[in-house]
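Student: This structure is in structure tokens; I'll ask about it shortly.
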Amino acid sequence: MFETTIAGSLPKPGWLAETDKLWPAWRAEGAELARVKRDATLLWLKEQEAAGIDIVTDGEQSRQHFVHGFLEYVEGIDFEHKVKMGIRNNRYDAMVPVVVGPLRLKGRVHQTEALIMRNHSKKKIKITMPGPMTIVDTIADRHYGDKVKLAMAFAGLLNQEARALEKDGVDTIQFDEPAFNVYMSDVTKWGIDALHVAIKGLRKVKTAVHICYGYGIKANLDWKETLGGEWRQYEQIFPALAKSKLDQISLECIHSKVPAELMRLLKGKDVLVGVIDVASDRIETAEEVFGVIKNALKYVPKKHLFPCTNCGMAPMKREIALAKLRALAAGAALARRKYGASGEKKASGKGNRRR
Ligand SMILES: [Zn+2]
């Protein structure tokens, strides 16, 4: 109960890539780069285990960016001639690659990371991939000529990789869709359908979608200022997500202006509740984390509540991310003691002994 997990990414060590950056340059190349990626994946795997995280990730140590890490493995994309495009409804400009032909996977995308984790951990393991809507919002198109067609083409490739990851022994596959609170009407029109294509045929794995208001970078903070005192964007998409075939929804909660009662609209789903703020370097106390869980329990049954981070921790300092992992586990442990079935038994047992 209250199994802990993280949204996905963790900071890259200075010997792997530039630090404190969203798009860091690698410190090595070729076979040496493959070796340091493996070292960093193992390091974070063991740090998560030691901190007490229950469902661990590869920390996204092998990808430069959460979207382009996938795109690098796709044929039909021109990375040489990037174009400037306003993304997330023109919240910020990014230099993006261009789709120039039919899309096809060059090979396996995350098998290396999945097997490192499977061979070195008895914990449940999770791999994250960008969702179709977020991908098409982060790439220019000169071939398909239709956003939905393009999204469905990417969804097919995600499905191919997801099925292979299931065979590798991955327990949870999560799709990151920060675009879901930007294009709310598209989410219900085709965004969830695209995710259904991405998870088609999966039998054993849990499937998750992470939606959020983005990292704590300036463009996001400025955008958040424009959203008013209460962020109710999710109200438009949660009922559709509740009806979807996905098992889990990951969202931000602590220090968020999203009204917590909106989680009620996710009835029947596992909710990965953000109890760790990734936009601040302040380390949460176990009591604070417990407090967020306690409040979320008003809207999410305990068997469906998974304490998580608000978003990825890639742009943070390593020691801060590590301290936040420990805070996450400590707060969940408090909640288990307070609400867990074993806690209740122990409490009554103690009472009996006292008599
Ligand atoms: Zn996020």
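The values are calculated or read from the model by the stated rules, or taken from the named source; none is laboratory data. All of these numbers come straight from a predicted model, not from anything done at the bench. Glycine also receives a Cβ, built like all others from the backbone with ideal geometry; neighbour counts cover every protein chain displayed.
Student: Search segment 273-288 for residues that are under 11 Å from residue 309 (Cα atoms) and outside any loop (DSSP other than H, G, I, E, B) and pair each with any residue that is modelled with pLDDT under 95 and of a type in the set (Asp, Glu) when their beta-carbon atoms are under 8 Å apart and the residues are at least 6 apart or on different chains.
Tutor: What qualifies is 274/252.
Student: Let me ask something additional. Just wondering, is there one or more residues in segment 194-209 that are over 17 Å from the mean Cα position of the chain (by Cα), among the hydrophobic types (A, V, I, L, M, F, W, C) and within 16 Å of the ligand (Cβ to nearest atom)?
Tutor: Checking segment 194-209: not a single residue is over 17 Å from the mean Cα position of the chain (by Cα), among the hydrophobic types (A, V, I, L, M, F, W, C) and within 16 Å of the ligand (Cβ to nearest atom).
Student: Sticking with this one: Does residue 272 count as under 27 Å from residue 329 (Cβ atoms) and in contact with a Cys (Cβ under 6 Å, 6 or more places away or on another chain)? First the steps, then the outcome.
Tutor: Numbers: under 27 Å from residue 329 (Cβ atoms): yes; in contact with a Cys (Cβ under 6 Å, 6 or more places away or on another chain): yes.
Considered against the rule, which asks whether it is under 27 Å from residue 329 (Cβ atoms) and in contact with a Cys (Cβ under 6 Å, 6 or more places away or on another chain), residue 272 comes out as yes.
Student: Sort out which residues of segment 317-330 are in contact with a helix residue (DSSP H, G or I) (Cβ under 8 Å, 6 or more places away or on another chain) and over 28 Å from residue 267 (Cα atoms), and write them in order of number.
Tutor: Passing the criteria: 322, 326.
Student: Turning to a different aspect of this structure: Scan segment 113-134 for residues that are part of a helix (DSSP H, G or I), within 15 Å of residue 163 (Cα to Cα) and of a type in the set (Ser, Thr, Tyr) and report the count.
Tutor: 0
Student: Here are some residues: 160, 174. Which one is among the polar types (S, T, N, Q) and surrounded by fewer than 20 Cβ atoms within 10 Å (Cβ to Cβ)?
Tutor: Residue meeting the stated conditions: 160.
Student: Looking at segment 1-36, which of the residues that are farther than 20 Å from residue 325 by Cβ and basic (Lys, Arg) is nearest to the ligand (Cβ to nearest atom)?
Tutor: 21
Student: What number of residues within segment 1-54 are assigned to a loop (DSSP other than H, G, I, E, B) and more than 16 Å from the chain's Cα centre (by Cα)?
Tutor: The total comes to 18.
Student: Taking residue 256 as the residue in question, decide whether it is polar (S, T, N, Q), within 15 Å of the chain's Cα centre (by Cα), under 22 Å from residue 304 (Cα atoms) and within 16 Å of the ligand (Cβ to nearest atom).
Tutor: Working: polar (S, T, N, Q): yes; within 15 Å of the chain's Cα centre (by Cα): no; under 22 Å from residue 304 (Cα atoms): yes; within 16 Å of the ligand (Cβ to nearest atom): yes.
Against the criterion (polar (S, T, N, Q), within 15 Å of the chain's Cα centre (by Cα), under 22 Å from residue 304 (Cα atoms) and within 16 Å of the ligand (Cβ to nearest atom)), residue 256 does not qualify.
Student: A follow-up question, please. Go through the residues of segment 55-65 one by one and say whether even a single one is among the hydroxyl-bearing types (Ser, Thr, Tyr) and not in a loop (DSSP other than H, G, I, E, B).
Tutor: Within segment 55-65, one or more residues are among the hydroxyl-bearing types (Ser, Thr, Tyr) and not in a loop (DSSP other than H, G, I, E, B).
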